[in-house]
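S.K.: Here it is, the structure in full.
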Amino acid sequence: MTTTESIEAKLTVTRRELAKLLRELKKWSAPATVLLSLYIPPGRPLSDVMQLLRQEYSITDNIKLKQTKQAVKRALAAAMDRLQMLQKVPSNGLVLFCGENMETKDFICLMFSPPEKVPVFYYRTDKRFITDFLEEMVEDKDVIGILIIERDQATIGLLKGGKLEVIEEIDDYIPGKHKMGGQSQRRFDRIIEQMVENFFKRVAEHAARHYLPLLDKGRLKGIVVAGPGYAKIDFVKGKYLDYRLQNLISRQLIDVAYQGDQGLKEVVMKAEDVVQAQMYRDAVKALEEFKMHLAKNTGMVVYGDKEVKEALEMGMIKTLLVHDDRDDVEDWKEIAQSYGAQVIVIPSGIPEAEWFKNVFGGIAGILRYRITRR
C-alpha cells in the first residue's frame, strides 16, 4: 500500500462511524457564524481549495466583533493545517468540520472521507455545522411512500426503515351533498365531482414531485395508499398518479381514520404486505411485549448492558431490543446472533422509543424462560 492509499484508508469512515460523527456534530452550535463546513468532491485540486481558504482568512479582518473574528480564523487555520497533510483528495472526496464553542472555548476539527462520494463542492461558516449532504448516506436506502387520500384532504409521507416522515399535507374545500333536486342537483353534483377530480390531480402532482426523485435513485420500493372511505379506491382506479408510481402501489388499500402523523402510524401497523412496514410492526410488537412483562412483573425481561450481556452468554435471551441511537448497535447484533437471539432494532421514530432509550439505556432482552435467582 502506497503512502497516499494508507492516508486515504485512515481517513475513510464507515456508514456506522459516519452516523456517530453526525450525532456529535449536531450537538454543536454557536451564537455567530463561526462553524466551518467544507465539502470537497473527488477530483477537486487541493490547491484550489487552499486558495479559497486563504482568501477567506484574509477577509476575516473585516469582521467587526473580535471574538467572532478570532473564532473564524481559528477554524480556517485548522482546516488549512489538515489539508496541507494531503497530496490529493481521496476517491470519495473529503469533508471538514472545524469550529469553536465560543462560550466554553472547546474546539473541534474533523476531516474524513465519507462512505459515498461527496456530491458537491461547498464551503460555509454558519451557526451550525452543515451536515445535510451526509444525512442520506446514513439513512436506510429503501423507502416506502405512504399516501392517505380523502376527497378534500391528503397526507404524503415516507417510511424510511422504521422512521415515519410527513412530507406534505394538502387540503381543499369540497362542498357536501346538496338537496336542490332535479337538474340543479345533477349539475351541482357534477361540479363537486369535478372539484374532487381536480383535487386528486393536485395530490398526484405533489406526490410525483416528492416520490419520482426517490424512484430515479432506486430508493422508492413501493407506495401504500390509504384513507377512511371510498376516495382511496377512486384515486387508484382513476390512475391519477404518474404511471411509474402507479405501478408501485400495493394491492392492499388500507382503511385508516386519520391524516398526518397519526394516520401514517395507523397505516404501517396495518400494511402487513409491505416489508418495511412489517419491520416497523416488529419493533412496536417487541416493545409491547417488553412492557407487558414489566407491568406483570413476570421476570421474563432483563435490561442494562451488563445484565443483557450475561443473559445472552447464557443463551437465555429470545429477543434482543436495541435502540438505533446507540453507538454499539452492530456489536450487539453480532453478539446476539452468535447466541441465536432475534435482534429487533428500535427506531427513533416509533412511539415510546425515547422512553425505552432514557429509562432502560436502549438495551433490553426478552427471555426464553424466567431467571431463577438464589
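The values are calculated or read from the model by the stated rules, or taken from the named source; none is laboratory data. Keep in mind it's a predicted model, so treat the numbers as computed, not measured. Counting neighbours? That spans all protein chains shown, and the Cβs are built from the backbone with ideal geometry, glycine included.
S.K.: Exactly one of these conditions fails for residue 290: (1) among the aromatic types (Phe, Trp, Tyr); (2) under 24 Å from the mean Cα position of the chain (by Cα); (3) at pLDDT 90 or above. Give me its number.
M.R.: (2)
S.K.: While we're here: Looking at the stretch 33-52, is at least one residue under 14 Å from residue 129 (Cα atoms), surrounded by fewer than 17 Cβ atoms within 10 Å (Cβ to Cβ) and under 30 Å from the mean Cα position of the chain (by Cα)?
M.R.: Yes, there is a match, as at least one residue in the stretch 33-52 is under 14 Å from residue 129 (Cα atoms), surrounded by fewer than 17 Cβ atoms within 10 Å (Cβ to Cβ) and under 30 Å from the mean Cα position of the chain (by Cα).
S.K.: Report yes if residue 145 is at pLDDT below 90, surrounded by 14 or more Cβ atoms within 10 Å (Cβ to Cβ) and under 25 Å from residue 323 (Cα atoms), otherwise no.
M.R.: Here the answer is no, as residue 145 does not meet what is asked.
S.K.: Just to be sure I understand, how many residues within the stretch 347-374 are under 15 Å from residue 317 (Cβ atoms) and either among the β-branched types (Val, Ile, Thr) or buried (at least 17 other Cβ atoms within 10 Å of the Cβ) (or both)?
M.R.: 7
S.K.: List pairs: first in the stretch 302-327 and more than 26 Å from residue 18 (Cα to Cα) and in contact (Cβ under 8 Å) with a residue 60 or more places away in the chain, second of a type in the set (Phe, Trp, Tyr) and surrounded by 15 or more Cβ atoms within 10 Å (Cβ to Cβ), Cβ under 8 Å, 6+ apart or cross-chain?
M.R.: 303/360
S.K.: For the stretch 183-211, what are the residues that are among the small types (Gly, Ala, Ser) and at pLDDT 95 or above?
M.R.: Answer for the stretch 183-211, where residues must be among the small types (Gly, Ala, Ser) and at pLDDT 95 or above: 204, 207, 208.
S.K.: Another question, then. Of all residues in the stretch 199-226 being more than 20 Å from residue 264 (Cβ to Cβ), without any contact (Cβ under 8 Å) to a residue 12 or more places away in the chain and more than 18 Å from the chain's Cα centre (by Cα), which is surrounded by the fewest Cβ atoms within 10 Å (Cβ to Cβ)?
M.R.: Among those that are more than 20 Å from residue 264 (Cβ to Cβ), without any contact (Cβ under 8 Å) to a residue 12 or more places away in the chain and more than 18 Å from the chain's Cα centre (by Cα), it is 216.
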